[in-house]
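Worksheet for the structure shown next.
The values are calculated or read from the model by the stated rules, or taken from the named source; none is laboratory data. This structure is a prediction, so every number in the text was calculated from the model and none was measured. Counting neighbours? That spans all protein chains shown, and the Cβs are built from the backbone with ideal geometry, glycine included. Surface areas here come from the heavy atoms of the whole protein model, side chains and all, with no ligands, DNA or RNA. Shrake-Rupley method; radii C 1.70, N 1.55, O 1.52, S 1.80 Å.
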Amino acid sequence: MAQEVARIKKRIKSVSGSYKITSAMKLVSTVKLKKWKNKMLANKEYALRIDEIAKTVFANIEESKNPYFIKKNADKNLYIVLSSSLGLCGAYNSNIFRLADAKITENDDAIILGNKAISHYQNGSFNKIETFKEYSDVSDISMINAIVDFIKTEYLKGTYSEIHLIYTAYKNSLVFHPLDYQVLPLVMDKQEKTPYPPIMEPNQEALISTLVPLYLKNSIYAKFLESAVCEQAARSNAMENATKNAEELLDNLQIEFNKARQAAITQEITEIVGASKN
């Protein structure tokens, strides 16, 4: 019986250590979630204004004359897969991989971002573009700009039929899901067309050549921010669940410990009483 008490005490010590770790990690991830969420909200107004201007311009140009709106006759697509570089974030990465596995074929190329995706796809059957594998997080603005410049150049060259970004879309801190977003070709929304077309200075071609890169960088950066927020929310939720599980386990172990200790005491009393009678 004494061995059972010792075993439970050892188990309680182990779970208590895990509880302290998950509690600390939950606190850290909550702080990071607030930080990235504030960045996303600060960028949201700017991003919406760029989207409004771009969609108004796109709806009032001739689609057939602009290469950004024309699907290329290439035999492959390019996918940008955005994952986390750190773990302990629940199903965040596995959901991304599940969607990417369903979309990417052997003929396609892929830009893999995040250590978890690099590790997961190290033996992938598709072609991986290694240029951007040093990407760390959304703070790396120069890398994001380089990715946008690369996809814009390659698409205009006709290398890819379509270019997609697979990322995690944010709804709230509890609800987020992986999404396949088509970056290029651009989609024209005819509902945005106005009765009086905007005046484009100095001309339509010059405006589009300036506006499209800005629109692409703004759109991709906003979605990278969304993914960063979702990653921290997923990690915070995972650590909260782990902390709650540790609390429940500690409560159950404490009950077991009390029962085992009481049984040990009862057994000792019984042995003492039995010995005194003899």
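For every residue, the table says whether it meets (1) touching a residue at least 24 places away in the same chain (Cβ under 8 Å); (2) within 11 Å of the chain's Cα centre (by Cα).
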| residue | (1), (2) |
| --- | --- |
| Leu88 | yes, no |
| Ser94 | no, yes |
| Ile112 | yes, no |
| Ser119 | no, no |
| Lys133 | no, no |
| Asp137 | yes, yes |
| Ser142 | no, no |
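For Tyr167, the conditions (1) within 17 Å of Lys72 (Cβ to Cβ); (2) buried (at least 20 other Cβ atoms within 10 Å of the Cβ) all hold with the exception of (1). Hey, can you tell me all the residues within the range 101-155 that are among the acidic types (Asp, Glu) and more than 26 Å from Pro185 (Cβ to Cβ)? Result: Glu134, Asp137, Asp140.
Restricting to the range 219-265, and then to whatever is acidic (Asp, Glu) and within 30 Å of Ile151 (Cα to Cα), can you tell me which residue is nearest to the chain's Cα centre (by Cα)? Result: Glu231. The residue that is farthest from Asn107 (Cα to Cα), counting only those in the range 156-171 that are under 22 Å from the mean Cα position of the chain (by Cα) and aromatic (Phe, Trp, Tyr), is Tyr170. Filtered by the rule that a residue be surrounded by 15 or more Cβ atoms within 10 Å (Cβ to Cβ) and hydroxyl-bearing (Ser, Thr, Tyr), the range 4-26 gives Ser18, Tyr19, Thr22, Ser23. Here Tyr79 passes the criteria (1) part of a helix (DSSP H, G or I); (2) touching a residue at least 12 places away in the same chain (Cβ under 8 Å) except the one numbered (1).
Report whether or not Ser142 is out of contact with any Phe, Trp or Tyr (no Cβ under 9 Å at 6 or more places or on another chain), modelled with pLDDT of 85 or more and open to solvent by 70 Å² or more (accessible area, probe 1.4 Å). Criteria met by Ser142.
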